[in-house]
Amino acid sequence: MKKHHYNPDSCTSCTACVVHCPVTQAVREFRGPKLAGPAGERFRLLDEEYEAALEYCSNCKNCDISCPSRVPISTLNMKARANYYKTHKQPLRDWLLSHGEQMAKMAGLTPGLANMGMHNLLSKTVLKGIGISDQMPLPAYAAASFIKQFRKIKQKPQADKVVFYPGCFVNYNQPQVGLDVVAVLQANGFQVIVPEDTVCCGSPLVVNGYMEEAEANARKNMAILQQYAKQGLPIITACTSCGLMLKQEYQELFDIEDQQLVAGRVYDISEFLLELYDQGRLNTNFAKQAGRYMYHAPCHLRVQGIGTPGLELVRMLPGIEVVAADAGCCGISGNYGFKADKYEIAMNIGSNLFETIKASGVTTALSDCGTCRLQIAHGAGVKTAHPISLVRAAYERK
């Protein structure tokens, strides 16, 4: 199979990535994306020895965002991590954090008991013993998954159809976000298709070095989604990390036939709705609401280069006041902040954002990323919501 080879010599050593790396600013042991990525890759091409400082890379992709030479620094880092674990044993902690879909399926049999089990003192002690933080609250499992609840939704046949890829977090932890997506799409005259046989996008697997499993997931998802892409149907996501994997990371990491076809049809839900607006097709019959919010743009949204569609969309809602936090990374980076040895780093990275939200006086913060919402709720002590939930509320109050 053909493999991607990125030339580390494309790096001009301008250090823009170092300036914008939140981990470099938070922990002295991390030598920065330039040294861990392109510079380190020059040595790794000659010697397979793992650079210990690479352990601190969170795959937040701020280095990719800032690189003027468009070097995929985070991809070099993730490939190096995966190569290291081909010959070294991965810790149980990383396996558990990487296989959230499997954990959720087991927990789904008795979600109430699973939630109680995660949050008692004994369980926290056991989890801490294997390297999972006992300070960062683990996300609760929903009583019923999004897929189960979606099956009960009655839809009128429509000429316009869209495909919704929910991803693990929406499906198992916050299904209401998925239900809000469906309701908003229906309010705009679309029939929603949810392929039930898709699997985890693979983002948690990639960041912990399970590259072969991530590729297997990618191939399965691509085989399913290509069928819809070939029909010209839009593929909607409501998780920025899932969207990034489908749009971009699959292409950077794997060689899968026709994956560009799928990538070109993937939209963040807010991005898709703004396109409808530009075409004069968006239902703007919004009820007036009241509320002050602060919006946090996830790093995995910013690297997509589509602006902040969630913020733009919410600003269309009458009566809503929303301000962009513009205060940097929240620190969680998927499952990075759940690791016991990374918890303080993650909190340090997110401290500017937390203080900005607290100083604003808002009681609810908005973000398009599920784990960003968890981190903000934990660090800033406020309620959180996906922007699409406000849009649904504006339709339903009519």
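Some observations on this one:
- Residue count, the stretch 127-146 (criterion: part of a helix (DSSP H, G or I), at pLDDT 95 or above and buried (at least 17 other Cβ atoms within 10 Å of the Cβ)): 1
- Complete set of residues in the stretch 201-214 that are surrounded by 22 or more Cβ atoms within 10 Å (Cβ to Cβ) and under 17 Å from GLY167 (Cα atoms): CYS201, GLY202, SER203, PRO204, LEU205, VAL206, VAL207, ALA214
Residue-by-condition table, conditions (1) in a helix (DSSP H, G or I); (2) open to solvent by 20 Å² or more (accessible area, probe 1.4 Å); (3) polar (S, T, N, Q); (4) closer than 30 Å to PRO91 by Cβ:
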position: GLU312; (1), (2), (3), (4): yes, yes, no, no
position: PRO318; (1), (2), (3), (4): no, yes, no, no
position: ILE332; (1), (2), (3), (4): no, no, no, yes
position: GLY337; (1), (2), (3), (4): yes, no, no, yes
position: VAL362; (1), (2), (3), (4): no, no, no, no
position: ARG373; (1), (2), (3), (4): yes, no, no, yes
position: VAL391; (1), (2), (3), (4): yes, no, no, no
position: TYR395; (1), (2), (3), (4): yes, yes, no, no
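- Filtered by the rule that a residue be in contact with a helix residue (DSSP H, G or I) (Cβ under 7 Å, 6 or more places away or on another chain) and open to solvent by 20 Å² or more (accessible area, probe 1.4 Å), the stretch 350-360 gives a lone residue, LYS358.
- Test: ALA263 is of a type in the set (Gly, Ala, Ser) and surrounded by fewer than 16 Cβ atoms within 10 Å (Cβ to Cβ): no
- With respect to the conditions (1) within 15 Å of the chain's Cα centre (by Cα); (2) over 30 Å from ARG81 (Cβ atoms), CYS200 falls short on a single one, namely (2).
- Considering ASN217, ASN221, the condition of being surrounded by 18 or more Cβ atoms within 10 Å (Cβ to Cβ), touching a residue at least 24 places away in the same chain (Cβ under 8 Å) and part of a helix (DSSP H, G or I) is satisfied by ASN221 alone.
- All positions within the stretch 195-214 that are more than 22 Å from LEU261 (Cα to Cα) and either modelled with pLDDT under 95 or part of a loop (DSSP other than H, G, I, E, B) (or both): ASN208, GLY209, TYR210
- Verdict on SER241 being touching a helix residue (DSSP H, G or I) at 6+ places or on another chain (Cβ under 9 Å), open to solvent by 10 Å² or more (accessible area, probe 1.4 Å) and of a type in the set (Gly, Ala, Ser): yes
The values are calculated or read from the model by the stated rules, or taken from the named source; none is laboratory data. Not measured: the values here are computed from a predicted model. Reconstructed Cβ throughout: ideal geometry from the backbone, glycine too, with neighbour counts over all protein chains shown. Heads up: the accessible areas ignore ligands, DNA and RNA and are worked out on the full protein's heavy atoms, side chains in. Shrake-Rupley method; radii C 1.70, N 1.55, O 1.52, S 1.80 Å.
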